Amino acid sequence: MLFLIELIDSVRSFIATGGNVLYFVAFALLLMWIMMVERYWFLAATYPTIRDEIIAKWDARSDTTSWYAHRIRDTWISETTELLERNMITIKTLVAMCPLIGLLGTVTGMISVFETMAQQGTGNPRLMASGISMATIPTMAGMVAALSGVFFSTRLDAKVKLAKAKLVDSLPHH
């Protein structure tokens, strides 16, 4: 319990140092990871059942060579591809947005530095230090969030492409 309280205090102090923009970075990061975990779950638990049903329906068909059979096959592949690629664009967009949100924090931090300089002058560096922290911490947080998302979303995208390719190969059309 004490560890949890210390963790919460540490996060609060980090957000206080970096500014309110960190809430937006955290929200984007949380949303991105929820979507990525859902996609990994879909690929591991739900998709194999869907794939097996489609393969079984294809294998049960007596006609797999006619034009009509090819359209059915293409439709099943298209529908499954749509299921596989659901939320992938949103995940990639969130990955790209994280550094931009961090840069918004940089702008707000620099505005704080300029306000301090306008009110107090440039003679006291301690007064400017909090604004500089507020300018750099959100940028760092946005970059770290994006880097975690880039690696896992790239792997997820590769898994989606591989799953689609294996499905296409499992539905022969002679």
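The values are calculated or read from the model by the stated rules, or taken from the named source; none is laboratory data. Remember, predicted model here, so these are calculated numbers, not experimental data. When we count neighbours, we look across all protein chains shown, and the Cβ atoms used for this are built from the backbone with ideal geometry, even at glycine. Accessible surface is based on the protein model in full, side chains and every heavy atom, while ligands, DNA and RNA are left aside. Shrake-Rupley method; radii C 1.70, N 1.55, O 1.52, S 1.80 Å.
Using only protein heavy atoms and a 1.4 Å probe, report how much of residue 113 is accessible, in Å² to the nearest 10.
10 Å²
Mind giving me the FRET efficiency for residue 1 and residue 27? R0 is 30 Å, r the Cβ-Cβ distance, nearest 0.05 is fine.
Numbers: r = 26 Å, r/R0 = 0.88.
Using R0 = 30 Å, I get an efficiency of 0.70.
Pull up the cross-link candidates among the aspartates and glutamates for residue 57, meaning alpha carbon to alpha carbon under 19 Å and not fewer than 8 places away within one chain.
74, 79, 82, 169
Length gain on complete extension for the stretch residue 67 to residue 52, per 0.36 nm per residue less the alpha carbon to alpha carbon distance?
Computed gain between residue 67 and residue 52 is 3.1 nm.
Obtain the nm distance between the two label points defined at residue 74 and residue 11 by a simple spin-label model: each point lies 7 Å from its Cα along the Cα-to-C-beta direction.
It is 5.0 nm.
Quick one: check the C-alpha center-to-center distance for the range 101-139 versus the range 1-51, whole angstrom.
27 Å
From Cα pairs below 8 angstrom and at least 6 apart in sequence, can you work out the relative contact order of the chain, rounded to a whole percent? Show your work: numbers first, answer last.
Details: 155 pairs, mean separation 63.5, N = 174.
Dividing the mean separation by the residue count of the chain yields 37 percent.
Stretch residue 150-residue 107 to full length: gain in nm at 0.36 nm per residue minus the Cα-Cα span?
On the way: separation 43, 0.36 × 43 = 15.48 nm, distance 2.40 nm.
Length difference between fully extended and current span is 13.1 nm.
Give me the dipole magnitude in Debye, nearest 20, for the chain about the Cα centre, with unit charges on the beta carbon: positive for Lys and Arg, negative for Asp and Glu. It would help to have the intermediate numbers written out before the result.
On the way: 15 positive and 14 negative charges, 46 e Å.
That gives a dipole near 220 debye.
Keeping all protein chains in position, work out how much accessible area residue 58 exposes to a 1.4 Å probe, and write it in Å² to the nearest 10.
0 Å²
In sequence order, what are the phi-derived ³J(HN,Hα) couplings for the range 104-111 according to the Karplus relation 6.51 cos²θ - 1.76 cosθ + 1.60 with θ = phi - 60°, rounded to whole Hz, with x for glycine and proline?
Ordered by residue, 3J(HN,Hα) equals 4, x, 4, 5, 5, x, 5, 4 Hz.
R0 = 30 Å: FRET efficiency of residue 169 with residue 41, Cβ-based, nearest 0.05? Numbers along the way, then the final one.
Working: r = 24 Å, r/R0 = 0.80.
It comes out at approximately 0.80.
Work out the charge dipole of the chain with +1 on the Cβ of Lys and Arg and -1 on the Cβ of Asp and Glu about the Cα centre, then indicate which of 141, 7, 121 is farthest towards its positive end.
141
Ignoring any ligand, DNA or RNA, what whole percent of the accessible area of the chain comes from carbon and sulfur when the probe is 1.4 angstrom?
Working: 7360 of 10900 Å².
Carbon-and-sulfur percentage of accessible area, whole number: 68.
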